[in-house]
Amino acid sequence: MKKSATLLLSFSLMAVTSFAQSNIAGFSKTAAEAESAAEKKFDANLSAKNVDDYIRQLSAMPHHVASPGGDANAKFITDKFKSWGFDTEVETFYVLFPTPVTRELSMSGTKNFKASLKEPMLAADATSGQSGQLPVYNCWSADGDVTAELVFVNYGVPADYEKLERMGIDVKGKIVIAKYGQSWRGIKPKVAQEHGAIGCIIYSDPKEDGYYQGDVYPKGPFRPELGAQRGSVEDMPIYPGDPLTPGTGATKDAKRLDRKDATNLLKIPVIPISYADALPLLQSLEGPVAPEGWRGALPITYHVGPSTNKVHLKLAFDWQVRPIHDVIAKIKGSELPDQWVIRGNHHDAWVNGAGDPVSGLAAMMEEARSLGEMVKTGYKPKRTIVYCAWDGEEPGLLGSTEWVEYHADELQQKAVLYINSDGNGRGFIGAGGSQALEPAFTEILKDVKDPQTNVSVFDRKRYSDIVDAGSAQKKKELIAKTTFDLEALGSGSDFSPFAQHIGIPSMNLGFGGEDDDGQYHSIYDSYDLYKRFKDPTFEYGVALAKVAGRTTLRFANAEALPFDFRNLQKTIGKYVTEVITLSNDMRENTAVENQLIKDNYYKIANNATAPLLPPAAKAEVPFLNFASLQNAVSALEKATNSLNDVMGAANINDAKKAALNIKLYKAEQTLLTKDGLPRRGWYRHAIYAPGFYTGYGVKTLPGIREAIEQRNFSEAQQQIEVAAGAINQLTTYLNDAVKGVQ
Ligand SMILES: [Zn+2]
């Protein structure tokens, strides 16, 4: 607004008129009308009956990686996409995938016991007795044959081992038993191994997802006594995907590591068991009574151990490289074919997987079918839409990671947005993703109706959050709030390689909250259970299709891509405050605790009937210098505000707007750091990563936060500069984008 204020002002007013009165961010009034009409058609095509049919069909057989059922499903999905008019191909990668050959768990001594390691067939569940099921196992456990005393380690996270140390219990040379919950399962054997354990057992305590929570299957949806949770224990916080090809696509002739050199593989054997199998083992434990927070819902007094009985664990696996099949289906964009909006959900399951992943996949297929119908009658999205049905997600995001690694350069040029789902349930929308997407996503949630209450899915979630809020203050804040907060993305599904390895703006979506069950990764995650307890009318499948479909269509058709980096900036600012508080609190706590230890407080306060050793004194926490980070956040604020001022202004001609769009969708790539995170360089995003000791749980500003948590303060200081550098990179980039349109 320098040269001709009057002229520009009138242009800006027009701009405000043409864009601000549109009810869809990124669309002019006319374009918004066309978009709304298209979305109405899109919705009208969606059918709960189809969602039901896909779920029944795709969960009819066990369909894990490289199984006949898996291959049949990949073919079924491919044929469907082809019939709906998509340019469809199957991309095959060759990945290591171990399957069990020997599984033995027994105990000898005062009581002899042999674990069943088998989920029984149930008459009420039609697919539970099928052949071809993968037995109960943890994929990527090491081969091993170990015999030792047993120690109970609660959830098996680092804090539990600190407690054990105070109880004077060492797990070195022992087998540990941990319960499912709190951390992602792969963390449990990893931390056990770090502490010198030689084997690990993970069991499902009824307090977590069994009779303590509700009636067990088939009366209710919770885990029955012999139900067990399969799952991956690949060290995904190091890197996900094929362990033999980190950073590159696992094509047939890709260069492969030797298995012993793969840094994301465990060295100790680990197996998951049911609580029926766990009970005799836990009963054999001696030593101190477990702290209150460690106790589960079994009818025993929980002890920590060790046992005098010996536990024997023998596991062997068939370590084969096997083919996986990603189904990739495209509708070419009419105006911007080289800009891709990508929508994905995995198709492999541990067994039948009606909930995980088929319920999300079915919604995605219905989205694609509806879009296909529209295209057949002449509709054209502006940008290319790519649907991906991933294989090999369960063992370690294999299909998506290998695809992203193989196509990384092309994706960094073309990918506008990646929209993920991974199963779906009933109740409330849950969503994570890049916060720059919040305003646009909020509009979408306000336009989709909740099937049970007929209010918007935005309000359904909002009202529930308000009712559940812990204080009057919090309730008031939430009542005043008009946008939806996207959670920070950790890991646990196929968005991870897109977001954290190559910096593509990503989202993860699904409904839940009224669909709790205890059948995660068991043979009872079946069509029968899904229909009875999860989404009986399949209307939430349709609701997910509406939310994810709208997100896909709006980003495919927007004239100005609706990224709002002010939201991202505010969120980063919040994370910065958090890490500063974290280091200050830790400094104060450490000083106080060290004083208590020194002055014998722990000795005198000790409970003589259940004595604990005092904690070890810790090194003092130095003051860290956060200035560069704080300055970076404030410079980013200015940049995002001026970007917002110029976006949508009418003095931008079409060519400039087009150039700005490309800048916008690539902006998040500037938050990638050259070296990635310390000791896990595959993760390159400076703002989000799965936690090294939480697994799926996110760590924001991960380099800084984890260095503080692990008390590595020189690294924390170094990581402050790295994160500040990445944020400054984004600022410079956005400032250039602004200059480009002035
Ligand atoms: Zn899944």
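The values are calculated or read from the model by the stated rules, or taken from the named source; none is laboratory data. Because the structure is predicted, anything quoted here is derived from the model rather than measured. Here Cβ is always computed from backbone atoms with ideal geometry, including for glycine, and neighbour counts include all displayed protein chains. Note: accessible area is taken over every heavy atom of the protein model, side chains too, but ligands, DNA and RNA are not part of it. Shrake-Rupley method; radii C 1.70, N 1.55, O 1.52, S 1.80 Å.
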Requested in this report: Scan I652, I708, I604, I662 and give me the residue that is within 24 Å of G432 (Cβ to Cβ) and not aromatic (F, W, Y).
Outcome: I708
Report summary line: Checking S359, S400 in turn, the sole residue that is within 19 Å of A72 (Cβ to Cβ), of a type in the set (S, T, Y), within 16 Å of the ligand (Cβ to nearest atom) and in a helix (DSSP H, G or I) turns out to be S359
Requested in this report: Could you tell me whether any residue of the stretch 326-346 is open to solvent by 10 Å² or more (accessible area, probe 1.4 Å), among the basic types (K, R), away from the ligand (no atom under 13 Å from the Cβ) and in contact (Cβ under 8 Å) with a residue 12 or more places away in the chain?
Outcome: yes
Report summary line: Pairing a residue in the stretch 353-364 that is touching a residue at least 24 places away in the same chain (Cβ under 8 Å) with any residue that is within 8 Å of the ligand (Cβ to nearest atom) and part of a helix (DSSP H, G or I), where Cβ atoms lie under 7 Å and the two sit 6 or more apart in sequence or on different chains, gives P357/E393
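Could you list, in sequence order, the residues of the stretch 212-225 that are farther than 15 Å from K179 by Cα and not charged (D, E, K, R)?
As a first pass, look at the stretch 212-225 and keep what is farther than 15 Å from K179 by Cα: 213-222, 224.
If the condition is that a residue be farther than 15 Å from K179 by Cα and not charged (D, E, K, R), then Q213, G214, V216, Y217, P218, G220, P221, F222, P224 are the ones that fit.
Name the residue that is nearest to S108 (Cα to Cα), counting only residues in the stretch 167-184 that are open to solvent by 10 Å² or more (accessible area, probe 1.4 Å) and either among the β-branched types (V, I, T) or in contact (Cβ under 8 Å) with a residue 40 or more places away in the chain (or both).
Looking at the filtered set, the residue picked out is K174.
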Query raised in the report: Out of the stretch 394-417, which residues are open to solvent by 10 Å² or more (accessible area, probe 1.4 Å) and farther than 21 Å from I331 by Cβ?
Result: E394, E405, Y406, A408, D409, Q412
Query raised in the report: Would it be correct to say that P291 is buried (at least 21 other Cβ atoms within 10 Å of the Cβ) and not polar (S, T, N, Q)?
Result: no
Requested in this report: Kindly establish whether A472 is more than 15 Å from the ligand (Cβ to nearest atom), buried (at least 22 other Cβ atoms within 10 Å of the Cβ) and more than 23 Å from D125 (Cα to Cα).
Outcome: no
**Report entry** Count of residues meeting criterion [in a helix (DSSP H, G or I), open to solvent by 20 Å² or more (accessible area, probe 1.4 Å) and farther than 19 Å from F458 by Cα] in the stretch 532-556
**Finding:** 3
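Quick one: count up the residues across the stretch 122-166 that are of a type in the set (V, I, T) and open to solvent by 10 Å² or more (accessible area, probe 1.4 Å). Spell out the reasoning first.
At the first step, the residues of the stretch 122-166 found to be of a type in the set (V, I, T) are 127, 136, 146-147, 151, 153, 157.
Pick out the ones that are also open to solvent by 10 Å² or more (accessible area, probe 1.4 Å) and you get 127, 146-147, 157.
Summing the residues that are of a type in the set (V, I, T) and open to solvent by 10 Å² or more (accessible area, probe 1.4 Å) in the stretch 122-166 gives 4.
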Requested in this report: Assess whether K260 counts as being of a type in the set (K, R), part of a loop (DSSP other than H, G, I, E, B) and free of Cβ contacts under 8 Å to residues at least 60 places away in the same chain.
Outcome: no
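Out of the residues in the stretch 296-308 meeting the condition of being surrounded by fewer than 17 Cβ atoms within 10 Å (Cβ to Cβ) and in contact (Cβ under 8 Å) with a residue 12 or more places away in the chain, tell me which one is nearest to T377 (Cα to Cα).
The first filter runs over the stretch 296-308 and keeps only residues surrounded by fewer than 17 Cβ atoms within 10 Å (Cβ to Cβ), leaving 297, 299-301, 308.
Then drop every residue that is not in contact (Cβ under 8 Å) with a residue 12 or more places away in the chain, which leaves 297, 300-301, 308.
Working: A297: 58, I300: 65, T301: 67, T308: 73 Å.
By that ranking, first place goes to A297.
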Query raised in the report: Exactly one of (1) more than 30 Å from the chain's Cα centre (by Cα); (2) assigned to a strand (DSSP E or B); (3) farther than 30 Å from K172 by Cβ; (4) of a type outside the set (A, V, I, L, M, F, W, C) is unmet by T102. Its number?
Result: (3)
Report task. Would you point out the residue of the stretch 688-742, among those that are assigned to a loop (DSSP other than H, G, I, E, B) and out of contact with any helix residue (DSSP H, G or I) (no Cβ under 6 Å at 6 or more places or on another chain), that is most open to solvent (accessible area, probe 1.4 Å)? Result -> Q742
Report task. Would you be able to say whether some residue in the stretch 309-317 is in contact (Cβ under 8 Å) with a residue 40 or more places away in the chain and within 16 Å of the ligand (Cβ to nearest atom)? Result -> no
Report task. State whether one or more residues within the stretch 502-519 are part of a helix (DSSP H, G or I), in contact (Cβ under 8 Å) with a residue 12 or more places away in the chain and within 16 Å of the ligand (Cβ to nearest atom). Result -> no
Report summary line: Residue pairs within 9 Å by beta carbon, gap of at least six or interchain, first lying in the stretch 464-492 and more than 30 Å from M236 (Cα to Cα), second in a helix (DSSP H, G or I) and hydroxyl-bearing (S, T, Y), listed first then second, are T482/T442; T483/T442
